[in-house]
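Asker: I have a structure here, written as structure tokens, and I will follow up with some questions on it.
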Amino acid sequence: MDLFSAPALLIEQDAGVRTSFFNTAYAVDVYDERGTLLARVRDRGGPGLKGVVRMVDEPGVTPYDLTVTLPDGREALGIRKGFHWLGGGQVTVTGPDGAPVGSLARKFASAIRLSDPAGRPLGDFTDVAAFHYGELAKRDGRRVRRNTLRLHPDQTGPTRLLAIAAGLANNVVSGRGNKA
């Protein structure tokens, strides 16, 4: 089982009090249902000066350049969002070779549209996956906020990759930024 074939992904972000108040970087770990680490999602190069804006509770407006790395250190996906005043905004997704996979864009309050590199719609996130947001759980003795992504088994190719990216970076795509 790996990041791209697992039927369910447990996407976990530290939910400790200190992290919740002073968190300036996007950091989630991804597990399968057996507890095997499948990937880590981190800010490429850290938040830098954007961290100040993120700390004053405006993380949704800042740019993000996230990298999804496998446990062996190889990059699996790149997820980028530019500055957007109202949060949300278009998010581009690239594969391990840097080639565009497509984009994600928030349509309404919660709907996320998946599009191919040319901008043609591939469907909505909720059409290809079930996403459960924000369960509190424990992992290795620490509190985590766990989102669960269940992909429809018939989803393949770019649509599946975009749905995985939408789940892994759901806070960024939805305009909440790095806040759990």
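The values are calculated or read from the model by the stated rules, or taken from the named source; none is laboratory data. Computed from a predicted model, the values in this text were never measured in an experiment. A quick note on method: Cβ atoms are made from the backbone with ideal geometry, for glycine too, and the neighbour counts reach across all protein chains shown. Only protein heavy atoms, including side chains, enter the accessible area calculation; ligands, DNA and RNA are left aside. Shrake-Rupley method; radii C 1.70, N 1.55, O 1.52, S 1.80 Å.
Asker: So, by mean Cβ neighbours within 10 angstrom, what's the order for 112-121, 2-11 with the highest one leading? Could the numbers behind the result be given before it?
Answerer: On the way: 112-121: 15.6, 2-11: 17.7.
By packing density, highest mean first, the sequence is 2-11, 112-121.
Asker: Keeping all protein chains in place and using 1.4 angstrom, which order do THR159, THR126 fall into by accessible surface area, from largest down? Mind showing how you got there, number by number?
Answerer: Values: THR159 20, THR126 105 Å².
The residues order as THR126, THR159, largest area first.
Asker: Provide the net charge surrounding PRO96, with neighbours chosen by a C-beta distance below 13 Å and charges set as Lys +1, Arg +1, Asp -1, Glu -1. The partial results should precede the final answer.
Answerer: Details: positive: ARG74; negative: ASP2, ASP72, GLU75, ASP97.
Result for the local shell: -3.
Asker: Leaving ligands, DNA and RNA out of it, rank LYS81, LYS107 by accessible area with a 1.4 Å probe, largest first. Present the calculation step by step, with values, prior to reporting the outcome.
Answerer: Values: LYS81 10, LYS107 75 Å².
Ranked list, largest accessible area first: LYS107, LYS81.
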